[in-house]
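For reference, the structure discussed in these notes is given below.
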Amino acid sequence: MNAPPNIDHGTAHSDCDVLHWLTNGTRDERFLDNIFAELCLRLQRAGIPVKRATLHVLTLHPQWLGSRIMWADGMREAEISRVEYDVRERSEYIGSPANEIHDGATEVREHLGRDPALGRKHAVYDEMRAKGLTDYVAWPLYHTLGKRHIVTFATDRPGGFDDAHIDRLLKLLPVLALVSEIRMKNRLARTLLETYVGSHAGELILAGATRRGSGTTVRAAIMICDLRDFTQISDNWPRDDVIDLLNGYFDAISEPIARHGGEILKFIGDGLLAIFPLSNPSACANLLHAVAEARQAMVALNEKNGQTGRAPLNYGTGVHVGDVMYGNIGSRTRLDFTVIGPAVNMASRLETLTKQLRRPVLLSRAFADFVKSDFDLERVGEYPVRGFSDPIELFAYHGRMPIHGQLPGRPQRCYSPVGNIGDSWGLEE
């Protein structure tokens, strides 16, 4: 008769508790960094001497290659840092544990307590030794279609992790991979929607606004910008130069819009459409601040382009205010989340008039009434506008700051949880 296996029932029970929590207790937690921090605390309570842990995840983001989630003993919350696309060309990455894992290693183990001359050579190991850590292990975390992310654990226990600690950590990896992939897919969906349709529209779509014709009425200030002479530029410039020019132009215009609480709904060739919902009392003033800052950014861009012999870029902006239908428009299988309505058409017509009237920014009387006591506006006159029966009184704005020398209140952007997002924009059902 074989002897019964030597099982530490207390350890087995603790491991089951951690696995059960990771599988069932994290369902309502949306953020991976919170789950990872709680996991590390539970591992400590289960007797695994984790002193430091990191989770390295690759993402699909226009600015970042990925993120690093780092937890250390004594921290209730993990720290998140972004990783730029060029990191793989830097010394901090070359030869690092992450480099080894991405190159195919199934484990990177470094006993930090031994003579450094006998171990791997990289600054990350020196930093951990300086903090008193004695052992370090990194493993790939496999997601769908072979995507490899990385999880690491380190300890300051004399002698490092023992074999039982390593075995117990390894048993967690498949469940951690599943839990992390779900959160990363959710984050990926949000990132892609924010990138391609905007943050607020993205939240509405994730909250269920996916049916054609579904939408809400929003009272908003609308701005439409368009680059001058783009056809000539695109016909005569090399493709890469055209793309570089457009990116610089859109950065100059878009960043002030986002900074002041606007939402860019659409890029249309060399133009863009943005709205500032009037649920924010400062929406119209914020729009003009964005226009002024965009003008300054374009001056800087033109100076930079002039150093390489490029001609200055000119653009027009039409601004109006009114009710718009904000929601899903399109075919049965291909939708666009945008705004439509006479107010949008008016802003578009005013942008067209900027070239004829030689005013880079034209405002309707309806919009000007919100801001004319605080901003220096030029009355241009009344002009017929195509598609509208009556002439429209127009004003020009030349980018000067408020008359009283003080900025109105900055926008109170509200990135609310799904379910409350409509409140911040004053949406009408």
Worksheet item: Would you pick out the residues in the range 38-67 that are among the aliphatic types (A, V, I, L, M), buried (at least 20 other Cβ atoms within 10 Å of the Cβ) and within 30 Å of Gly159 (Cβ to Cβ)?
Response: Leu39, Leu43, Ile48, Val50, Ala53, Leu55
Item to complete: With the condition kept exactly as written, say whether any residue in the range 30-52 is under 27 Å from the mean Cα position of the chain (by Cα), more than 22 Å from Ala164 (Cα to Cα) and either without any contact (Cβ under 8 Å) to a residue 24 or more places away in the chain or assigned to a strand (DSSP E or B) (or both).
Response: no
Item to complete: Could you tell me whether Arg190 is farther than 25 Å from Ala46 by Cα and either touching a residue at least 60 places away in the same chain (Cβ under 8 Å) or surrounded by fewer than 14 Cβ atoms within 10 Å (Cβ to Cβ) (or both)?
Response: no
Item to complete: Under 6 Å between Cβ atoms, at least 6 apart or on separate chains: pull out the pairs that start in the range 370-384 with a residue that is in contact (Cβ under 8 Å) with a residue 24 or more places away in the chain and end on any residue that is of a type in the set (Lys, Arg).
Response: Asp376/Arg400
Item to complete: Return yes or no: is Leu173 buried (at least 18 other Cβ atoms within 10 Å of the Cβ) and either assigned by TED's automatic domain parsing to the domain that holds Gly47 or touching a strand residue (DSSP E or B) at 6+ places or on another chain (Cβ under 9 Å) (or both)?
Response: no
Item to complete: State whether the residues of the range 100-122 include one that is in contact (Cβ under 8 Å) with a residue 24 or more places away in the chain and in contact with a Lys or Arg (Cβ under 6 Å, 6 or more places away or on another chain).
Response: yes
Discussion item. I need the full set of residues from the range 282-326 which are buried (at least 17 other Cβ atoms within 10 Å of the Cβ) and of a type in the set (Val, Ile, Thr), in order please.
Written reply: Val291, Thr317, Val319, Val321, Val324
Worksheet item: When you go through (1) closer than 17 Å to Arg219 by Cα; (2) in contact with a helix residue (DSSP H, G or I) (Cβ under 8 Å, 6 or more places away or on another chain) one by one for Gly248, which number turns out not to apply?
Response: (1)
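To keep it simple, each residue is scored yes or no on (1) farther than 14 Å from His56 by Cβ; (2) β-branched (Val, Ile, Thr); (3) in a strand (DSSP E or B).
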{"position": "Ala98", "(1), (2), (3)": "no, no, no"}
{"position": "Ala105", "(1), (2), (3)": "no, no, no"}
{"position": "Tyr125", "(1), (2), (3)": "yes, no, no"}
{"position": "Gly132", "(1), (2), (3)": "yes, no, no"}
{"position": "Leu141", "(1), (2), (3)": "no, no, yes"}
{"position": "Phe153", "(1), (2), (3)": "no, no, yes"}
{"position": "Gly160", "(1), (2), (3)": "yes, no, no"}
{"position": "Ala164", "(1), (2), (3)": "yes, no, no"}
{"position": "Val175", "(1), (2), (3)": "yes, yes, no"}
Discussion item. I'd like to check which strands (runs of 3 or more DSSP E) are fully inside the range 278-364 and have at least 1 residues that are over 28 Å from the mean Cα position of the chain (by Cα) and small (Gly, Ala, Ser).
Written reply: 315-330, 361-364
Worksheet item: Is one or more of the residues making up the range 72-91 more than 26 Å from Val179 (Cβ to Cβ), surrounded by 14 or more Cβ atoms within 10 Å (Cβ to Cβ) and among the acidic types (Asp, Glu)?
Response: no
Response to the item:
Among residues of the range 202-228 being surrounded by 14 or more Cβ atoms within 10 Å (Cβ to Cβ) and over 23 Å from Leu278 (Cα atoms), the residue modelled with the lowest pLDDT is Leu206
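Conditions (1) touching a Phe, Trp or Tyr at 6+ places or on another chain (Cβ under 9 Å); (2) within 21 Å of Glu38 (Cα to Cα); (3) of a type in the set (Asp, Glu), marked per residue:
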| position | (1), (2), (3) |
| --- | --- |
| Asp115 | no, no, yes |
| Glu127 | no, no, yes |
| Val137 | yes, yes, no |
| Gly146 | no, no, no |
| Gly159 | no, no, no |
| Asp162 | no, no, yes |
| Leu192 | no, no, no |
| Gly198 | yes, no, no |
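Could you pull out the residue among Asp235, Asp270 that is surrounded by fewer than 20 Cβ atoms within 10 Å (Cβ to Cβ) and farther than 22 Å from Val324 by Cα?
Exactly one residue qualifies, and that residue is Asp235.
The values are calculated or read from the model by the stated rules, or taken from the named source; none is laboratory data. Since the model is a prediction, treat every value here as computed from it, not as a measurement. A quick note on method: Cβ atoms are made from the backbone with ideal geometry, for glycine too, and the neighbour counts reach across all protein chains shown.
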